[in-house]
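Written out below as structure tokens is the structure these notes cover.
The values are calculated or read from the model by the stated rules, or taken from the named source; none is laboratory data. In this text, all values refer to a predicted model and were calculated from it rather than measured experimentally. Backbone-built Cβ (ideal geometry, glycine too); neighbour counts: all protein chains shown.
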Amino acid sequence: MKVTTWNNGNYNKSGAGYGILIPKRERDKYFNRKWDRVKIHIEDTSVEIKLRDTFWTTCNELRSKEIGKYLLKNGLGVWEKWKPHKLTLEVVNNNEFTISLF
């Protein structure tokens, strides 16, 4: 699935405040409301991300410092307003996904 970069507006060099935005249609297709967290594989590491209640309503992003570090490492830490970078999020197994460059 295609996802986009997300930031809380701070663009912190530590990676904090970053994440990926999951389109609602993709969220509803690939994510299960019974899950309380997902695992994202990012290159040689993985991170578990808690799914907040708002993930199913108004905030359909997955937030993680590790995602932020990945974005910064690949030159995707900053973007023009309304023009986030695109990434690929692939289903590995149930609530596990792999993120990669578009």
Inset, instruction - Please indicate, with yes or no, whether at least one residue in segment 46-56 is assigned to a strand (DSSP E or B), over 14 Å from Met1 (Cα atoms), touching a helix residue (DSSP H, G or I) at 6+ places or on another chain (Cβ under 7 Å) and hydroxyl-bearing (Ser, Thr, Tyr). - result: no
Inset, instruction - Have a look at Glu80, Glu43 and point out the one that is free of Cβ contacts under 8 Å to residues at least 40 places away in the same chain, surrounded by fewer than 18 Cβ atoms within 10 Å (Cβ to Cβ) and touching a Ser or Thr at 6+ places or on another chain (Cβ under 9 Å). - result: Glu43
Inset, instruction - Being exposed (fewer than 13 other Cβ atoms within 10 Å of the Cβ) and of a type in the set (A, V, I, L, M) is the filter here, so list the residues in segment 93-102 that pass it. - result: Leu101
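For every residue, the table says whether it meets (1) basic (Lys, Arg); (2) at pLDDT 95 or above; (3) part of a loop (DSSP other than H, G, I, E, B).
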{"residue": "Lys13", "(1), (2), (3)": "yes, yes, yes"}
{"residue": "Gly19", "(1), (2), (3)": "no, yes, no"}
{"residue": "His41", "(1), (2), (3)": "no, yes, no"}
{"residue": "Val78", "(1), (2), (3)": "no, yes, yes"}
{"residue": "Val91", "(1), (2), (3)": "no, yes, no"}
Inset, instruction - Would you point out the residue of segment 12-24, among those that are of a type outside the set (A, V, I, L, M) and either surrounded by 15 or more Cβ atoms within 10 Å (Cβ to Cβ) or more than 15 Å from the chain's Cα centre (by Cα) (or both), that is nearest to Arg52 (Cα to Cα)? - result: Gly19
Legend entry - Hits in segment 25-39 (condition: surrounded by 15 or more Cβ atoms within 10 Å (Cβ to Cβ) and part of a strand (DSSP E or B)): Val38, Lys39
